[in-house]
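*Asks:* Below is a structure I'd like to ask you about.
The values are calculated or read from the model by the stated rules, or taken from the named source; none is laboratory data. These figures come from a predicted structure and were not determined experimentally. So basically every Cβ, Gly included, is an ideal-geometry build from the backbone, and we count neighbours across all protein chains shown.
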Amino acid sequence: MHADVRPEITHYTYRVTWSADDQEFVATCAEFPSLSWLAPSQVEALLGLQGLLRETIADMHEQGEAVPQPFAERSYSGKFNLRVGESLHRELAIEAAEDGMSLNQYVLRKLRAA
């Protein structure tokens with residue numbers, strides 16, 4: 001990402017969940033897995049994390065560091081390579097053939113079911 005381009009913080013991938021250990025809500029951001037924010041309400045947790053992200057991104061720009069692009073703004077080809085051992089490859093190929101499917105179709109079905 002170009003140093004002058006700052007991503008819109010609302011485009012990042014957020015999750016706010018209850019933390020039983022902390023007895024508060026915790027907000028996290030998938031693009032910045034090391035950051036989180038605790039607060040008594042879901043909204044406060046999200047707003048706190050967004051403020052922290054603004055500061056973090058500003059610091060990253062000042063240091064010349066690359067800022068993660070939001071997942072929502074990334075391009076995906078629909079392809080990825082996965083290496084498995086020979087025995088698992090054989091097992092999957094046999095199961096796919098027994099189900100009358102290509103290996104690709106079979107693995108895609110398995111991924112969707114997971």
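*Asks:* From the list Glu86, Glu98, which residue is outside the structural domain of Ser34 (by TED's automatic domain parsing), among the acidic types (Asp, Glu) and under 16 Å from Lys110 (Cα atoms)?
*Replies:* When all the criteria are applied, what remains is Glu98.
*Asks:* Hey, which of the strands (runs of 3 or more DSSP E) in the chain, taking only ones fully inside, have at least 2 residues that are modelled with pLDDT of 95 or more and touching a Gly at 6+ places or on another chain (Cβ under 9 Å)?
*Replies:* Ranges flagged: 32-39.
*Asks:* Ala72 fails exactly one of the following numbered conditions: (1) in contact with a Leu (Cβ under 8 Å, 6 or more places away or on another chain); (2) under 27 Å from Ala27 (Cβ atoms). What is the number of that condition?
*Replies:* (1) is the only condition that Ala72 fails.
*Asks:* Follow-up question, since we're still on this one. Condition test on Ser41, is it more than 20 Å from the chain's Cα centre (by Cα), surrounded by fewer than 17 Cβ atoms within 10 Å (Cβ to Cβ) and of a type in the set (Ser, Thr, Tyr)?
*Replies:* Criteria met by Ser41.
*Asks:* Need pairs with beta-carbon distance below 9 Å; first residue in contact (Cβ under 8 Å) with a residue 12 or more places away in the chain and within segment 73-87, second in a loop (DSSP other than H, G, I, E, B); sequence gap 6+ or separate chains.
*Replies:* Listed by first residue and then by second, the contacts come to Glu73/Pro7; Glu73/Glu8.
*Asks:* Can you tell me which of Phe71, Phe80 is out of contact with any Phe, Trp or Tyr (no Cβ under 6 Å at 6 or more places or on another chain), closer than 15 Å to Phe32 by Cα and not aliphatic (A, V, I, L, M)?
*Replies:* Phe71
*Asks:* Only one of (1) surrounded by 11 or more Cβ atoms within 10 Å (Cβ to Cβ); (2) within 30 Å of Asn104 (Cβ to Cβ); (3) hydroxyl-bearing (Ser, Thr, Tyr) is not met by Tyr76, so which one is it?
*Replies:* Evaluating Tyr76 over (1) surrounded by 11 or more Cβ atoms within 10 Å (Cβ to Cβ); (2) within 30 Å of Asn104 (Cβ to Cβ); (3) hydroxyl-bearing (Ser, Thr, Tyr) leaves (1) as the failure.
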